[in-house]
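First comes the structure, then the notes that go with it.
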Amino acid sequence: MAIIEPAQHHERQAAILERIATNAPLQGTLDALVGHVEAQIPDAIGALLLIDADGRRLRSASARHLPESFRAAVDGIAIGPDQGSCGTAAYLREPVFATDIASDPLWTAHRDVARSHGLCACWSVPILSRRPERIVPLGTFAVYFRSPAAPEACHRDVLAHAEYLACIALEADNTLRELRESDARLRMFVDHATDGFFVHDSATDQLVEVNEQACASLGYTRDELIGATTSLFDPQASRDMLAQIACRLANGEIVTLDSRHLRKDGSSFPVEVRIRGFEARGQLFHLALVRDTTARRELEEQLRHAQKMEAVGRLAGGVAHDFNNLLTVINGYSDVLLDQLPPDAPERGDLAMIRHAGDRAAALTAQLLAFSRRTIIAPTALNLNVLVERLVKMCKRIIGEDIVLTTHLDSDLDPVRADAGQIEQVVMNLVVNARDAMPRGGRLAITTGNIRMLTGSYVRLTVSDTGEGMTDEVRARVFEPFFTTKPQGEGSGLGLATAYGIVEQANGQIRVESTPGKGSAFSVILPVIDAAEPRAPLVTLNRPRGSETVLLAEDEDAVRRLVQRALELAGYSVLPARSGEEAEQIERSHGGPIHLLITDVVMPGMGGRELADTIKSRRPQLKILYMSGYTNDEVVRHGVTLARDAFLQKPFTPSGLVAKVRAAFAGNTDLAKSSELG
């Protein structure tokens, strides 16, 4: 091959260096290097081999003037001793010069292949990495000759320089590939981030980079966003505002703000934006991390709503307790007077009106307690299909003939645990609400089904209508007590609030979906229980009488007098006490038997549970009956176990009181625990 002049040598070398500097394709650079060596060493046939991925073999990378069959024969040659010039050079990490292949012991295994292709000598130089942390062979440079040949010093210099250039080219290519892989990994991480990444030129506010989440959240393509400014998707970002942010970023601050972003389709959503400045290649940029806060704000709103409902519920529960004491007296004395009057007495009509008003007040109090989730309940295993089927006929009478009622009940519905009467009230309240939303008629559907959620298995009962629907503002307040959209005097505003409280107390959820003009759907979601439980048998009540002695502890004078009178009219002897302490004194001084203690749960000083335990320690056969106008939580907190102790919830009637007393004496635990008498 022709020998190149010094000027040509420098031109070739400059061309190779330019290829390396401009990240030109590696194959062309290696071919140029082999050609450069061939041009400087007379009669040389150049080759360059690279170590494969497992680091054990050499693969042909460039050898344009070697016979193709020889290249194929030595491709994949092992790295090790006695593996020709190239395999041995890579193994020893030093040059190997085989001046005569025919007699060189390193070529014993490959001598016949070389001789069959007319190759008589081979000089090989290992290409070694220059990285301090890993000086490893990258490949080998080789030159073959068709006659025996020994290298001169200038030839060694050419090969050493070629090895150096090859090392630079290979490490630059590896670095570029690693950088691209790193960029690809970083891009993958950034594009899979749940936050939007927006990189702005600090001088122009133009976007220079965005991730996939940024594009997806706004509905724009990457090309549509690159070059755009903040004003495209954030109308609130004025020039003054951006200037203030830029000033703070220049001072090293990280700026966090809330805003609303505008999608390409015109819709908007709330966001939290966190901005920081950074420098790259001598230029300043602003990186904005944008998080869609729609879900978070919904959760915050739900929390605020729950806290508000809890506060109102506490207020409602407190008011209900005071009402219960008053209603016990009003309704109780009304019953006493009604029982004493002859059937034709003119006063009966007035008393009946008073009693009716008391019943309505008691119902209102019960609704308040249900809303506040503090009512005394008797949960049992329920199949909601059975409950719905039992209510269908009543629902049809309530909704009228211009509304079509349909049911879609899952035949494999799982059981739930709840108070049957209260769930019936929930369904009826939802049905009445749906009826009122369809004044000109429509369709009402009740559906049941099993659903699976992250927290477990549930049963869903949905009441949907084709009525007027609700705005977002109304939907946000629909479960608030006393909130109603009906004309004054046509609704108490407690129907849905009561349903909300009952479902919450049953460890369930109630949800509403509604669109103005398209109707509403209320869904009651209750947790599934493992197995059905038997229901307590119903008890038929009459007006029993007795003659036992009853110790009565009640701090409310009017209630105490009513209970005393009702029991005395039924034949009992009553020992009344205004407090727990007074009741204990009476018990100590009373020489005769005491068969039953009736005590209020919550009293100033000694409470009902402490009084009962104290007296029962001296009179172990004593029966106990607790009563209270307080709510479930308060009663339990004061030591009364509703599942074990006989309990009477205020307000109650004289007949209900007497029946409960008789049940306590008779040992009828189901009746004695029931709080729904009277």
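One residue stands out among those in region 604-632 that are under 19 Å from residue 567 (Cβ atoms) and touching a Ser or Thr at 6+ places or on another chain (Cβ under 8 Å): the one that is surrounded by the fewest Cβ atoms within 10 Å (Cβ to Cβ), which is 624.
Residue 466 satisfies every condition listed in (1) under 17 Å from residue 513 (Cα atoms); (2) hydroxyl-bearing (Ser, Thr, Tyr); (3) out of contact with any strand residue (DSSP E or B) (no Cβ under 9 Å at 6 or more places or on another chain) except (3). Here is the figure for region 194-203: residues that are closer than 21 Å to residue 269 by Cβ and exposed (fewer than 15 other Cβ atoms within 10 Å of the Cβ) total 1. When residue 491 is tested against the conditions (1) under 22 Å from residue 398 (Cα atoms); (2) at pLDDT below 85; (3) buried (at least 18 other Cβ atoms within 10 Å of the Cβ), the lone failure is (3).
When residue 215 is tested against (1) in a helix (DSSP H, G or I); (2) outside the structural domain of residue 38 (by TED's automatic domain parsing); (3) farther than 21 Å from residue 292 by Cβ, just one condition goes unmet, and that condition is (3).
Inclusion of residue 31 among residues that are in a loop (DSSP other than H, G, I, E, B) and either of a type outside the set (Gly, Ala, Ser) or in contact (Cβ under 8 Å) with a residue 40 or more places away in the chain (or both) is not warranted. When residue 72 is tested against the conditions (1) surrounded by 13 or more Cβ atoms within 10 Å (Cβ to Cβ); (2) in a helix (DSSP H, G or I), the lone failure is (1). Total residues in region 124-154 satisfying the condition of being over 12 Å from residue 95 (Cβ atoms) and assigned to a loop (DSSP other than H, G, I, E, B): the figure is 14.
For the residues 36, 110, 65, the requirement of being touching a strand residue (DSSP E or B) at 6+ places or on another chain (Cβ under 8 Å) and surrounded by 18 or more Cβ atoms within 10 Å (Cβ to Cβ) singles out 110. Among the listed residues 586, 594, 598, identify the single one that is in the same structural domain as residue 557 (by TED's automatic domain parsing), under 51 Å from the mean Cα position of the chain (by Cα) and closer than 14 Å to residue 552 by Cα. Result: 598 is the single residue among 586, 594, 598 that is in the same structural domain as residue 557 (by TED's automatic domain parsing), under 51 Å from the mean Cα position of the chain (by Cα) and closer than 14 Å to residue 552 by Cα.
Answer with yes or no whether residue 103 is without any contact (Cβ under 8 Å) to a residue 40 or more places away in the chain, of a type in the set (Gly, Ala, Ser) and assigned to a helix (DSSP H, G or I). Answer is no for this residue. Go through (1) surrounded by fewer than 16 Cβ atoms within 10 Å (Cβ to Cβ); (2) more than 30 Å from residue 239 (Cα to Cα); (3) modelled with pLDDT of 85 or more for residue 206 and report which single condition fails. With respect to (1) surrounded by fewer than 16 Cβ atoms within 10 Å (Cβ to Cβ); (2) more than 30 Å from residue 239 (Cα to Cα); (3) modelled with pLDDT of 85 or more, residue 206 is out only on (2).
Total residues in region 39-55 satisfying the condition of being surrounded by fewer than 17 Cβ atoms within 10 Å (Cβ to Cβ) and either under 22 Å from residue 70 (Cβ atoms) or not acidic (Asp, Glu) (or both): the figure is 5.
The values are calculated or read from the model by the stated rules, or taken from the named source; none is laboratory data. On a predicted model such as this, the values are computed, not experimentally measured, just so you know. FYI the Cβ positions are ideal-geometry reconstructions off the backbone, even for glycines, and counts take in every protein chain you see.
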